[in-house]
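Asker: Once you've had a glance at the structure underneath, I'll fire off some questions.
Where a number appears in this text, it was derived from the coordinates with a stated rule and is not lab data. In this text, all values refer to a predicted model and were calculated from it rather than measured experimentally. So basically every Cβ, Gly included, is an ideal-geometry build from the backbone, and we count neighbours across all protein chains shown.
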Number of protein chains: 2
Amino acid sequence: MSNSRPTPPEGTSSKPGHRRRGETAAPAEAVKPALPMAPPSEPPSEPLSGRAARAAERRQAIIDAALDEFIARGFTATRLDDVAKRAGVAKGTIYLHFKDKESMFEELIRTALVPLIGRLHAPPPIGGSVRDAVEGFARTFIQEVASTRRGDIVRLIVAEGPRFPAIADFYYREVVSRGLAAMRALIELGVARGEIAHKELARFPQILVAPALIAVIWQSLFARHAPLDATEMLRVHLDLIFGERRTT
Amino acid sequence: MSNSRPTPPEGTSSKPGHRRRGETAAPAEAVKPALPMAPPSEPPSEPLSGRAARAAERRQAIIDAALDEFIARGFTATRLDDVAKRAGVAKGTIYLHFKDKESMFEELIRTALVPLIGRLHAPPPIGGSVRDAVEGFARTFIQEVASTRRGDIVRLIVAEGPRFPAIADFYYREVVSRGLAAMRALIELGVARGEIAHKELARFPQILVAPALIAVIWQSLFARHAPLDATEMLRVHLDLIFGERRTT
DNA sequence: TTAATGTGACTGACTAGTCAGTCATTGTCA
DNA sequence: TGACAATGACTGACTAGTCAGTCACATTAA
């Protein structure tokens with residue numbers, strides 16, 4: 001703590017110096033169970049001989065560890081020493097896989113979103129109703145994003161986006177604009193079929209998606225104060241847009 | 001710049017070494033004009049004699065500068081040296097007004113929200129319609145938050161909330177829970193009066209507010225890619241909830 | 001054997017927080 | 001009113017660290 005102040009022999013475990021240091025042994029605390037992902041270190045059990053395979057495995061461990069740390073602390077506050085420790089790897093190893101901290105962060109965000117992007121090419125509802133299609137999206141979103149580490153990634157993008165224009169650009173191009181376009185198409189189809197009464201909605205597909213984003217943010221910030229039943233909320237929202245309940 | 005690497009005499013302005021350093025002279029770049037606030041340094045023109053007055057003025061300068069820096073960089077990446085420079089003050093002066101960086105951040109966030117909280121006690125729509133009341137909220141929100149530095153503060157809370165539970169708590173207690181309660185009351189009134197057809201909406205006032213939050217986030221992240229007419233979007237959203245257009 | 005792979009001690013650029021000293025302002029007395 | 005003393009806001013060089021990135025050396029699969 002202070003320089004030469006006559007402080008008592010031991011600070012009461014308050015903040016020792018600059019940033020909190022204590023027990024760095026457990027980086028980013030427990031963070032959160034995240035999804036049932038392979039344990040950060042150690043090979044699961046497979047023998048897997050090839051060096052390339054082991055290297056890929058280590059790379060994956062680094063990615064998992066780094067994501068957890070970045071989610072828990074944000075970009076700047078994350079220490080690569082902690083990432084390495086959590087991944088069960090030496091710090092130098094990180095630099096065998098990534099150019100530097102910044103490009104690692106960007107690549108992580110990109111990689112974590114690829115699975116999301118795939119879902120946007122969902123088949124247009126030729127057979128079923130538009131509502132079914134939108135409900136499918138919502139269900140997928142809840143399962144794959146809202147109740148997953150990927151939800152935190154969305155929050156991370158909101159948090160760090162302004163300082164990483166490249167990430168904001170990428171996210172807009174690859175996710176936001178495509179997602180909104182898909183939603184707009186669905187809305188227009190819904191209007192054409194008479195499922196959606198409010199025609200103006202097609203001008204702002206954001207309205208359709210807004211509660212889903214709220215759910216993600218709520219999860220990160222306020223879940224411990226007041227849990228939010230995202231599934232129910234999205235259902236109510238869809239009822240609002242498509243008219244009262246159906247059979248479901 | 002790297003340690004002993006044979007780098008060319010001057011990096012092409014890319015990343016010199018650790019964090020970006022270049023031209024620290026202008027902290028946080030231009031950030032953004034923000035609202036028409038008093039210039040960071042120098043007394044505007046008033047004589048203001050008293051020492052206390054000058055001190056208060058400096059304190060305000062520090063607050064403004066710190067908010068700009070925190071918004072532009074986030075908590076950890078903000079350097080108090082830059083805050084001091086921007087405020088036209090020595091670094092030590094900051095510590096005459098704030099205990100440390102962390103409590104400064106927390107106090108700033110709290111302070112910046114106080115004006116918001118006041119708006120929540122808006123008069124219930126005894127005379128006018130519920131829609132008018134909600135529209136009033138929306139208009140206020142656009143004017144006072146979405147198109148203001150306060151919008152960035154909301155994003156900042158989303159960004160740093162998980163690392164500052166005290167802030168998330170405060171924000172939930174003072175803003176979110178109150179705001180949602182007020183909205184719920186309005187919705188129930190609207191349902192009772194027959195202005196709102198969808199009764200379930202009262203269970204999730206978040207749906208009413210969601211597009212407003214989206215607008216704020218959009219402003220920070222994607223405005224340069226695709227501008228969003230927040231006013232129009234909120235109007236469409238209200239049409240969706242209250243039924244088609246009125247006279248306005 | 002040996003080249004690819006991994007390690008972790010090390011460097012040095014960087015920063016939160018400190019404190020002895022300065023000096024403009026305010027208060028007091030002749 | 002003017003001179004002198006007391007005050008405390010303000011300063012900025014300094015301390016005690018922190019951490020991204022490096023590299024000489026160790027390990028191991030082929």
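Asker: Normalised by the residues of the range A:51-98, what does the relative contact order come to in percent, with Cα pairs under 8 Å and at least six apart? Walk me through the numbers on the way to the answer.
Answerer: Values: 29 pairs, mean separation 18.9, N = 48.
Reported relative contact order: 39 percent.
Asker: Could you work out, residue by residue across A:185-191, how many beta carbons of other chains sit within 10 Å of that residue's beta carbon, and then give the average as an integer? Please list the in-between numbers first.
Answerer: Values: counts 0, 0, 0, 0, 0, 0, 0.
Other-chain Cβ atoms within 10 Å of each residue's Cβ, averaged: 0.
Asker: Right, something else. Between residue B:192 and residue A:99, what FRET efficiency follows from the Cβ-Cβ distance if R0 is 56 Å, with the result rounded to 0.05? Let's see the in-between values first.
Answerer: Numbers: r = 61 Å, r/R0 = 1.09.
Calculated transfer efficiency: 0.35.
Asker: If one computes the Cα centroid of the range A:178-210 and of the range A:96-111, what distance in Å separates the two points?
Answerer: So the separation of the two Cα centres works out to 36 Å.
Asker: Then there's this: Which whole number gives the average count of other chain Cβ atoms within 10 Å of the Cβ atoms across peptide A:162-174? Let's see the in-between values first.
Answerer: Numbers: counts 10, 6, 0, 2, 0, 1, 5, 4, 0, 3, 6, 1, 0.
Partner Cβ neighbours, averaged per residue: 3.
Asker: Determine the alpha carbon to alpha carbon distance for each of A:199/B:199; A:101/B:85; A:91/B:91; A:91/B:101 and list only those over 32 Å. The partial results should precede the final answer.
Answerer: Working: A:199/B:199 22 Å; A:101/B:85 28 Å; A:91/B:91 34 Å; A:91/B:101 29 Å.
Correct reply: A:91/B:91.
Asker: Work out the charge dipole of the range A:109-242 with +1 on the Cβ of Lys and Arg and -1 on the Cβ of Asp and Glu about the Cα centre, then indicate which of A:183, A:133, A:242 is farthest towards its positive end.
Answerer: A:183
Asker: How far apart are the residue A:54 label points across copies, placing each 7 Å from Cα toward Cβ, in nm, shortest first?
Answerer: From this label point to the equivalent ones elsewhere in the assembly: 6.9 nm.
Asker: May I ask you to work out the translational diffusion coefficient for the range B:104-242 at 20 °C, viscosity 1.002 mPa s, via Stokes-Einstein with Rh from the Kirkwood sum over Cα pairs, reported in whole µm²/s? Numbers along the way, then the final one.
Answerer: On the way: Rh = 15.8 Å.
Diffusion coefficient, whole number: 136 µm²/s.
Asker: Dividing the convex hull volume of the alpha carbon atoms of the range A:87-169 by its residue count, what do you get in Å³ per residue? Before the final figure, lay out the partial values.
Answerer: Numbers: hull volume 10.6 nm³, N = 83.
Residue-normalised Cα hull volume stands at 127 Å³.
Asker: Percent relative contact order of the range B:166-248, based on C-alpha pairs within less than 8 angstrom and at least six residues apart?
Answerer: Working: 39 pairs, mean separation 21.0, N = 83.
Reported relative contact order: 25 percent.
Asker: Here is a follow-up. Under Stokes-Einstein, with the Kirkwood radius over Cα pairs standing in for Rh, what whole-number D in µm²/s applies to the range A:184-232 at 10 °C and 1.306 mPa s? Provide the component values of the computation, followed by the final result.
Answerer: Details: Rh = 12.3 Å.
For these conditions, the coefficient is 129 µm²/s.
Asker: Give me the inter-chain shielding for A:198-207: mean count of other chain Cβ atoms within 10 Å, whole number please.
Answerer: Details: counts 7, 3, 9, 4, 1, 4, 13, 0, 11, 9.
The mean count of partner-chain Cβ atoms within 10 Å per residue comes to 6.
Asker: Something else now. How far apart, in nm, are the 7 Å Cα→Cβ label points at residue B:139 and residue B:173?
Answerer: Roughly 3.4 nm, to one decimal.
Asker: Something else now. Report the semi-axes of the equivalent ellipsoid for the range A:51-98 in whole Å, largest first, where each axis is √(5λ) for an eigenvalue λ of the Cα gyration tensor.
Answerer: Numbers: eigenvalues 74, 20, 13 Å².
So the equivalent ellipsoid measures 19, 10, 8 Å along its semi-axes.
Asker: Please compute the length gained on full extension between residue A:166 and residue A:199, using 0.36 nm multiplied by the number of residues separating them and subtracting their Cα-Cα distance.
Answerer: On the way: separation 33, 0.36 × 33 = 11.88 nm, distance 3.46 nm.
Using 0.36 nm per residue and subtracting the Cα-Cα distance, I get 8.4 nm.
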